[in-house]
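Some notes on the structure that comes next.
Nothing in this text is a laboratory measurement; each read-out follows from the coordinates by a stated rule. Given the structure is predicted, the values throughout are model-derived calculations rather than measurements. Reconstructed Cβ throughout: ideal geometry from the backbone, glycine too, with neighbour counts over all protein chains shown.
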Amino acid sequence: MAPPIKIALSGMKGSGKDYCLELIKKETSCNVISYSFSDQLKNICHELFPWLDLDYPPQEKEHKQFYNRAIDDFYAPRDIWTMMNVIVDIDPKVLVRRVESEYRSSMSSGYLDNVDFAIVKDLRPHNPEELAFCLKNNFKIIYIENGCNPIKDVSSLHTTEKGYGDIELFATARFVNRKNNDTDFINFLKGQVEQWQSQR
């Protein structure tokens, strides 16, 4: 079996990275393994706080449902994940090491030999450690832009979303996600894969 196509999906919050990953799983007959930096943070939170689920439906992520007696207020799951992101400030490589461990394990076990796509689903534009991991392991970077709500003013971004120029510089391809036709991304991806395979 041919080596898997390795892809890292990048883009701002709301650009549709998860949407594009789900399209690959749903609209193709390919075997897919995915890796996630942000899911590692959720895993850590779940290990520390077993009452916090690994993930929630989109509407529940913002629902303030966990009472904190110390401040007499409620937290939403996303509030907790955001606060716990301080561990990345302490050690910028903490989540990358966990993803790298998963990636190495899938290689050594031979599992990676039996998939068509190995996908990093959330290469965050602001994070040089995540970018370094993807470049070192030869992931093709697809930068996804929200075509329904393009960002025009970088100064309005949250501080953790600035610095995306580095990703754009290293991106192998760019996809403008208008979210009006599921086949757009699949056709785009097929074209990219054919191009990459012709370059092997």
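Things to note:
- Rounded if a/c under 1.5, otherwise prolate or oblate - the stretch 1-99, Cα gyration tensor axes: prolate
- Spin-label zone in the stretch 2-44 - amide nitrogen under 14 Å from a point set 7 Å from the Cα of HIS63 along the C-beta vector: none
- Seen from TYR75, the other residues with C-beta closer than 14 Å to its C-beta sum to a net charge of -2, counting Lys and Arg as +1 and Asp and Glu as -1.
- Global geometry of the stretch 38-84, whether rounded, prolate or oblate, following the gyration tensor of its Cα atoms and the 1.5 cut on a/c: oblate
- DSSP assigns beta bridges within the chain; of those with both partners inside it, close to 15 percent run antiparallel.
- Counting only residues at least eight positions apart within a chain, or on another chain, the lysines with an alpha carbon under 20 Å from that of LYS17 are LYS6, LYS25, LYS26, LYS42, LYS61, LYS121, LYS140, LYS152, LYS162, LYS179, LYS190.
- Contact order normalised by residue count of the chain, Cα under 8 Å, 6+ apart, percent: 34 percent
- Each of LEU189, LEU112, LEU9 has some number of other Cβ atoms within 10 Å of its Cβ, and from fewest to most they run LEU112, LEU189, LEU9.
- Qualifying trypsin sites (Lys or Arg not before Pro) for the stretch 18-111 [loop in DSSP, other Cβ within 10 Å: at most 16]: LYS64, ARG69, LYS93
- Simple point charges give the picture: +1 on the Cβ of Lys and Arg, -1 on the Cβ of Asp and Glu, and for the chain a dipole about the Cα centre of about 440 debye.
- Multiplying the residue separation of LEU169 and LEU54 by 0.36 nm and removing their Cα-Cα distance gives an extension gain of 38.1 nm.
- Taken about its Cα centre, the stretch 70-152 carries a charge dipole of roughly 340 debye when the Cβ of each Lys and Arg holds +1 and the Cβ of each Asp and Glu holds -1.
- What the pair-distance distribution of the chain shows, using all Cα-Cα distances binned every 5 Å from zero, is 1, 6, 14, 18, 19, 18, 12, 7, 3, 1, 0, 0, 0 percent.
- Most mobile of SER15, SER36, SER106 in a GNM of the chain (Cα contacts under 10 Å): SER106
- On the basis of the beta-carbon distance and an R0 of 30 Å, VAL86 and GLU194 show a calculated FRET efficiency of 0.10.
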